[in-house]
Amino acid sequence: MTTLLGLDLTGRRVLVVGGGPVAARRVQGLLADAAQVVVVAPQLCEVLADLHRWGLVTWHAREVREGDLDEVWLVHTATGDRDTDAAVVAWAGDRRVFCVDAGAGARGSARTPATTRHGDVLVGVVSTGDPDPRRTITVRDALSAHLRDGLVDLRRHRPRPAGEGRVVLVGGGPGDPGLLTLAGRRALAEADVVVTDRLGPVAVLDELPSDVEVIDVGKTPGHHPVPQHEINRILVEQAQRGRFVVRLKGGDPFVYGRGGEEVLACREAGVAVDVVPGVSSALAVPAAAGIPLTHRGTVGAVHVMNGHDGWSSAALVGLRDASCTVVVLMGVAVLPRLVTEALASGVAASTPVAIVESGTTGAQRVTRAVLGEVVDVAAAAQVRSPAVVVLGAVAAAGLLEAPAHVTMAP
């Protein structure tokens, strides 16, 4: 019968007998576990030679001796010589030291599992009968895929001490749950609490265990029931209670998502914080509508702006000389002002404009017009946020095949 154990090898002496590629793989794994590695072999392969040259392992350039097993916690033998490996196994048995025999796993007193690590969870697979490395690797890979896809509840069930929580800002993408990254799904699988916006892949919240706390801090145009300083306070307070906090945001946290402010608030409070980048709606929503932001022979530069901040000189110059595509986020409510200012600054009234509502979702709709007419066309179509506005030659109908649900100017 084989028992699977987790060994803490940090700072502990481990002996590896053999200098070939198999021994090198074992040594690399042991170094990742912070073990103190001693290698005994007449010669070293290139990988082990580099590790020795960098001072990461101790090397005795000779055949193994029984005394090499003194004061070690674990032995790996991988010489490729059955008699030598058998002798090392026997010496380890005499000393009551566990030994892994890479050449004949059934002969050693320990086995190396096929492992996969996800955060602070390490999963290992071993055969309890005759060693079968191919089977254990196949099972390991299947488990790894399940964990990678965020399909396992990875929350801690023993509470963390107060002050040991953390915050992870997760960019959820523009709305389609399929555009949430695997890293984002894994973070959600560990979450004790999710602080969410109204944008992004809110459908994934229905997949969370029922006891995960969800705090909705979503904003709508002109209505901010939870101001940013209060959101910052919620993140810090929840983490200080020892909880794993996911801040689920639409798009990417650092593209008009105020993620930088939330990171600073956490750092100032001494709270550990990480960021999982997301697919920005500035890029994904036009693509979902069949609008290439750059197109060879048409335009080769992109300018992204927040509609509430108004025009920059660079954006206006790019539109005037048709050298740039301009993508406007949060621009529906201020569209009349943006159009008036652009026309007054010399941007041609014939400049193509496309407005993509609820991009990447089943409610996606595209409204197209030229700059001089887009305000009236958008009003007639009752365009609503969330929407992305694209200005420039690439927004014209016919550049690529037009997607469904398109409203055109008469």
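The values are calculated or read from the model by the stated rules, or taken from the named source; none is laboratory data. What you see is a predicted model, and the numbers here were worked out from it, not measured in a lab. Cβ sites come from the backbone with ideal geometry, for glycine too, and all protein chains shown count toward neighbours.
Condition check ((1) within 21 Å of LEU30 (Cα to Cα); (2) touching a Cys at 6+ places or on another chain (Cβ under 6 Å); (3) of a type in the set (D, E, K, R)) across all residues:
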position: ARG62; (1), (2), (3): no, no, yes
position: GLU66; (1), (2), (3): no, no, yes
position: VAL72; (1), (2), (3): yes, no, no
position: ASP81; (1), (2), (3): no, no, yes
position: ASP85; (1), (2), (3): yes, no, yes
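The set of residues in the range 22-63 being in a helix (DSSP H, G or I) and closer than 17 Å to THR84 by Cα consists of VAL22, ALA23.
The single residue among GLY260, GLY242, GLY250 that is in the same structural domain as ALA183 (by TED's automatic domain parsing) and in contact with a Phe, Trp or Tyr (Cβ under 7 Å, 6 or more places away or on another chain) turns out to be GLY260. Within the range 267-306, the residues that satisfy the criterion of being surrounded by 18 or more Cβ atoms within 10 Å (Cβ to Cβ), more than 16 Å from VAL356 (Cβ to Cβ) and of a type in the set (A, V, I, L, M, F, W, C) are VAL271, VAL273, VAL275, VAL276, VAL299. Search the range 25-70 for residues being in contact with a helix residue (DSSP H, G or I) (Cβ under 7 Å, 6 or more places away or on another chain) and β-branched (Val, Ile, Thr), and hand back the single one that is farthest from THR115 (Cα to Cα). It comes out as VAL64.
Within the range 66-77, identify whether any single residue is modelled with pLDDT under 95, in a loop (DSSP other than H, G, I, E, B) and farther than 15 Å from LEU9 by Cα, and answer yes or no. Looking for residues that are modelled with pLDDT under 95, in a loop (DSSP other than H, G, I, E, B) and farther than 15 Å from LEU9 by Cα, one finds at least one in the range 66-77, hence yes.
Figure legend. Inter-residue proximity from the range 334-352: first residues farther than 24 Å from SER385 by Cα, second residues in a helix (DSSP H, G or I), beta-carbon distance below 7 Å, spacing 6+ or different chains. Indicated pairs: SER345/LEU316; GLY346/ARG320; VAL347/LEU316; VAL347/LEU319; VAL347/ARG320. Only one of the numbered conditions (1) in contact (Cβ under 8 Å) with a residue 60 or more places away in the chain; (2) surrounded by fewer than 19 Cβ atoms within 10 Å (Cβ to Cβ) is not met by ARG134, and that is (1). Looking across the range 310-333 at every residue that is without any contact (Cβ under 8 Å) to a residue 60 or more places away in the chain and under 23 Å from GLN382 (Cα atoms), the one that is surrounded by the most Cβ atoms within 10 Å (Cβ to Cβ) is identified as GLY331.
Each residue in the range 235-259 was checked for being in a helix (DSSP H, G or I), under 27 Å from PRO159 (Cβ atoms) and not hydrophobic (A, V, I, L, M, F, W, C), and 3 pass. Would you point out which residue out of GLY171, GLY150 is at pLDDT below 80 and either assigned by TED's automatic domain parsing to the domain that holds GLY362 or crowded, with 21+ Cβ neighbours inside 10 Å (or both)? From the options GLY171, GLY150, the qualifying one is GLY150. For PRO336, the requirement of being under 26 Å from the mean Cα position of the chain (by Cα) and either over 22 Å from VAL370 (Cβ atoms) or not hydrophobic (A, V, I, L, M, F, W, C) (or both) is not met.
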